[in-house]
Amino acid sequence: MFSMEGSPPSWSSGSAYACPPVSEDTQQSETRTDATIALDVLHPSAISSSPDLNFKPSLPALGTANVGLSRTRTLPLRSPKRTTSLFPTLQVDFDLEQGPSLSCIFPLLPLYPFEAENIAFSAFPDSTLFNEGSEIHSFRIREHVPRTSQGRPSLFDNRRELSPDGFLYGFSYFSQERSTNSKRGYSQRCIVLLTQHPYPALFFALLNKLGPLYRTHGDPILEVAAHNIAKWPSPVPGTTLELGFLGTVLRIELPRDVDEQQLGNAPHTQTQTDQDLHLLACSPPMTAPSMIHIFEASLPHLWSIWECLVLCQPIIVFGQSPAWTSSAIWWLRDVVRPIPWAGDFRPYFTIHDVEHTALVNERAPKAGLLLGVTNPFFEKTCNHWPHVLTLGGNFQNPTTRFAGPSPGWKTKTHKRYTSKDRQLLQASEATARNGSAKALAEACFNLRRHFSSRSAALLVPLNRYLNTLIPRPSEASEGSRLKPFNNTNFLASLKTHGAVLPFRSSTKQREFYERWIRTPAFGVWLARQEDLVAHTLENARSVREGTS
């Protein structure tokens, strides 16, 4: 978990992260995991349970790789043995001169210095909108793996399993309180869970429980939480887990894969009793303000936004806080399911990110890039992006409104292909104006269900044509595969049988699918279908030969 104190200064992009070194002998290999990290500040209450490990590191040779693992003290020394691939815990210290820096890992997890710096800056909001309070946001950073001269990952062998998709996901609980000990009059602190699993509903729920307790009890609650987590079973896709956590029983439904739509049957799945939560792990978190309010100014344009998402168009999302941008981007990411996500998405992105210059530059943005930002600086550097979404609406306090673009949707290139559901739009707008908390939750659920159904409907003509390319099981032989996908034949099938989506015209229908079969998402989808068909045919052949 991260803890930071002070208020964020205007750090230079060249500021460096420096970790207190720890002897190689202090590494506890039994505490290694690949997933969650909590970051917090080095404060007196931690000293009683953590020795001063300010020794020079003894590291193996790195070959030609000019990198090193960050070494920090562990908190506390009696670290639980890991039985799950989910979570370790970290801490971040805030310095008025140097900015945030990682100061503690619990249990120990090897991190490269640039990873630790990236985590620290991403854990902290660019600015705060309240004098005292808290908020939760998330971020996604690429897992960089420097390699030796032999091409092998440096220092990761036998120490840290690599993330399945090449990214680490962070979930940060930020709090700010008045403090006479701080030069700026406020104490600021973050607790961050870092994981390899994109399960926003789960990790937001954990922080909603852990964050307030940590503010009250300090480090001891981290140890209790870590021992709770150490008893959890390893996550198996497609299963339901019952997890004990700080007096709460969490019933977690895990998706079979990251592109499975976990919609559920009601909008209140995540709002049951405090002692018994039922969560759909991949679903977007339930936050305040409601997503209806966060998208209020753009509600009439959600149909265009959805089309841009499924067509892998780059979109930059401005918001007044990381909590807003991360909630919005998890929601947008979710409504694309079951269509594969073939691009990159960053719930909260800062100018200090290691990939800032790679993702934000004078060139055209990458296909499928969804970027959540709060710094008005991006309005100038991203003025050539084709699509800009600014969160907010009439519910906002004018004194706290975002300093960047005005709330709403702006596009330079996109013209809508499909018809809106005007009845749903009118109901959503009415709820945004004067709906109760329950009505807002229901309206948000209805919007999510609507766009998820459109994503599934998009695939119907493709699945129909794909069925004509599958060899009969009785004809399956070794190495049988799906017949080649022919664009012309598919478009002919589309013209004959039509589509489920309500296109504005037959011309719009053809143009839309001509564009979609050129997107990276189509390539990912087709490759998965080919693998699935090949596996099914091979099983059919094995069964036929076994019974003959």
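Points worth noting:
- Applying 1/(1 + (r/R0)^6) with R0 = 60 Å to the Cβ-Cβ distance of ALA457 and ALA403 gives a FRET efficiency near 0.95.
- Taking θ as phi - 60° and the Karplus parameters 6.51, -1.76 and 1.60, the scalar couplings of the range 296-313 work out to 3, 5, 10, 3, x, 9, 4, 5, 5, 4, 4, 4, 5, 5, 6, 8, 6, 7 Hz in sequence order, x denoting glycine and proline.
- For PHE245, residues with placed amide H under 5 Å, excluding near neighbours: LEU250
- SER234 paired with VAL258, simple spin-label distance in nm, labels 7 Å along Cα-to-beta-carbon: 1.9 nm
- Positive-end residue, the range 446-541 charge dipole about Cα centroid, Cβ charges, pick of ALA456, GLY523, THR536: ALA456
- Sites ASN467 and THR488, calculated FRET efficiency, Cβ-Cβ separation with R0 25 Å, nearest 0.05: 0.90
- Amide H contacts of SER138 (H built 1.01 Å from N, under 5 Å, at least 5 apart or other chain): SER172, SER326
- Note that the range 413-503 presents 55 Å² accessible area per residue, ligands and nucleic acids not counted, probe 1.4 Å.
- In this label model, ARG515 and ALA534 are separated by 3.2 nm, measuring between points 7 Å along each Cα→Cβ vector.
- Projected label distance in nm at ASN361 and SER505, using a 7 Å step from Cα toward the beta-carbon: 4.0 nm
- Between VAL543 and PHE167, full extension at 0.36 nm per residue minus the direct alpha carbon distance yields a gain of 131.4 nm.
- Pairwise FRET efficiency - ASN375 versus ALA437, Cβ, R0 = 25 Å, nearest 0.05: 0.20
The values are calculated or read from the model by the stated rules, or taken from the named source; none is laboratory data. None of these values were measured; they are calculated from a predicted model. Heads up, the Cβs are rebuilt from the backbone with ideal geometry, glycines too, and the neighbour counts pull from every protein chain shown. Ligands, DNA and RNA are stripped out before the accessible areas are found, and what is left, the full protein with its side chains, is counted by its heavy atoms. Shrake-Rupley method; radii C 1.70, N 1.55, O 1.52, S 1.80 Å.
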